[in-house]
Amino acid sequence: MADIVIGTSLPQTGPYAETQFLQYSRAYDLWVRDVNAAGGLLGRPVRLLWHDDLGQPEQCVENYRRLIHDDKVDLLLGPCHSILIEPMAHVTEEAEMLLLEGSGSVSEMFRQGRKWLFLCWDADCNYMKSFLEFMSSPSNPKRVSRVGSLAGNRPRGLGHARGVRDHAARMGLEVAFDELTSGPPDYADVFRRAKASGAEVIMWDIEARGDDKKRAIADAIEAGFAPSQLWLSESPGQKVEDGVFSRVTWLPSDPRPMSKKFNDDFRTLSGVEPEYHSAGGYACGQVLQQAVEATGSLDNHKLRQAVLDMTFDTVMGRLRFGEDGLPVASFPVAQWQSGVPEIVYPDEAKTKSVQFP
């Protein structure tokens, strides 16, 4: 029985060789192993075929053309980065082939009228959605009504600013401070003005790293913000002050059974701990598998419609998708506690209760 061949492009060499390549290739390999152990798709074995894109957009474009027109793969999975997805998306659009993407969160890619690109984790314009839900809930002891936004004038920052405005308006919250910065900002001045605006929390698409990041957070605290009034758009990495909130795409500590099994299996197969890129890649496979099984087909038109119609159980939680290709879901919120990021929302993913001063 012929294999079902699933094609993708991965950066085995180049700037992402030691990071996203390892995370994605291991996640895709684990998914293929799991599918085949369960009997394959439609009773047929699954085989992954990928080409090295060197981390370069032009090569990624060529790889997807090759996969579609020369290799004639049955199905596709996405590459590893926004800078690779945007230039090649027209290839899969023209071929009318479903492309499930496990990272690449610049929401502007999903404002181009594309029909075949779907993101299996959150986008820059929705990162703060769960935090705003959590902080504006009547049950929250520090319930807020006035919020602030701070972002760099770049694609992801623009998506962040748009998202804060849109979600705040939907939830009836006032945006009291809304600033886009160009170049290295004077954070001391920015946060003094943010505090004077009456913003009760700041949602910050942080660009600073290392010591600059530490100084920027210190400037926010010096201006009068408690750490628990700060939310960072980055996934938890560099340790920050206890109390600070952060967006979460996925954490290895996620206690939900499917997520825990993925974490354990990934560690067993690869000998290292997965991170959020790995979970995103595996979730793409899960969505694809469930769509194929529901339709009993490899027809990409039927699969696209299934992606729009269904709700999917994944390591990222339950996902459904809008016509724009973005997920409709509530992703977790983390808070730094005792030097560790703990999931404090939603309840089914919670590892610790929130802490406020």
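The values are calculated or read from the model by the stated rules, or taken from the named source; none is laboratory data. Values in this document were obtained by computation on a predicted structure and should not be read as measured data. Cβ sites come from the backbone with ideal geometry, for glycine too, and all protein chains shown count toward neighbours. Note: areas computed on protein heavy atoms with side chains; ligands, DNA, RNA excluded. Shrake-Rupley method; radii C 1.70, N 1.55, O 1.52, S 1.80 Å.
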Could you pull out which residues in the stretch 182-204 have an amide N less than 13 Å from a spot 7 Å beyond the Cα of residue 356, following the Cα-Cβ vector? 200-201
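I'd like to check one number: the per residue accessible area of the stretch 106-157, probe 1.4 Å, reported in Å² as a whole number. Don't jump to the answer; show the numbers that get you there.
On the way: 1840 Å² over 52 residues.
Each residue of the stretch 106-157 exposes 35 Å² on average to a 1.4 Å probe.
Report for the stretch 1-140 the percent antiparallel among DSSP-assigned beta bridges with both residues inside it, nearest 5.
On the way: 1 of 13 bridges.
Bridges in the stretch 1-140 are about 10 percent antiparallel.
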Using a 7 Å offset from the Cα along the Cα-to-Cβ direction at both residue 145 and residue 58, what is the distance between the two label points in nm, to one decimal? 5.7 nm
Heavy-atom accessible area order for 129, 239, 195, 260, largest first, 1.4 Å probe: 239, 260, 195, 129
Please give the length that would be gained between residue 42 and residue 165 if that part of the chain were fully extended, namely 0.36 nm times their separation in residues minus their C-alpha to C-alpha distance (nm, one decimal). 39.8 nm
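Convex hull volume of the Cα atoms in the stretch 1-142, per residue, in Å³?
It is 155 Å³ per residue.
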If DNA, RNA and ligands are ignored and the probe is 1.4 Å, what is the ranking of 309, 324 by accessible area, most exposed first? 309, 324
Can you tell me the Rg and Dmax of the stretch 208-357, counting just the alpha carbons, in angstroms? 18.2, 59
Is the shape of the stretch 227-291 best called rounded, prolate or oblate, per the rule: a/c under 1.5 gives rounded, else a/b larger than b/c gives prolate, else oblate, with a ≥ b ≥ c the square roots of the Cα gyration tensor eigenvalues? prolate
Any idea what angle helix 257-270 forms with the longest principal axis of the chain, computed on alpha-carbon atoms, 0 to 90 degrees, nearest 10? 70 degrees
Cα axis of helix 155-171 to longest principal axis of the chain: angle in degrees, 0 to 90, nearest 10? 70 degrees
Please compute the per residue accessible area over the stretch 14-83 with all protein chains in place, 1.4 Å probe, rounded to a whole number of Å². 44 Å²
Integer Hz, Karplus 6.51/-1.76/1.60 couplings in order for the stretch 188-200, x for Gly and Pro: 4, 5, 4, 6, 4, 5, 4, 5, 5, 6, x, 4, 8
For the full complex of protein chains and a 1.4 angstrom probe, list 52, 3 by accessible area with the highest value first. 3, 52
For the Cα atoms of the chain, what angle does the longest principal axis make with the long axis of helix 210-222, in degrees from 0 to 90, nearest 10? 40 degrees
Asserting the computed 222 nm helical MRE of the chain (DSSP H runs at least 4 long, -39500 (n - 2.57) per run, divided by residue count, to nearest 500) equals -12000 deg cm²/dmol
Find, to one decimal place in angstroms, the Kirkwood hydrodynamic radius of the stretch 92-226, where the mean of 1/r is taken over every pair of different Cα atoms and then inverted. 16.2 Å
Restricted to the chain, the DSSP antiparallel beta bridge percent, nearest 5, is 35 percent
Tally up the carbon and sulfur contribution to the accessible surface of the chain as a whole percent, 1.4 Å probe, everything protein left in place. 48 percent
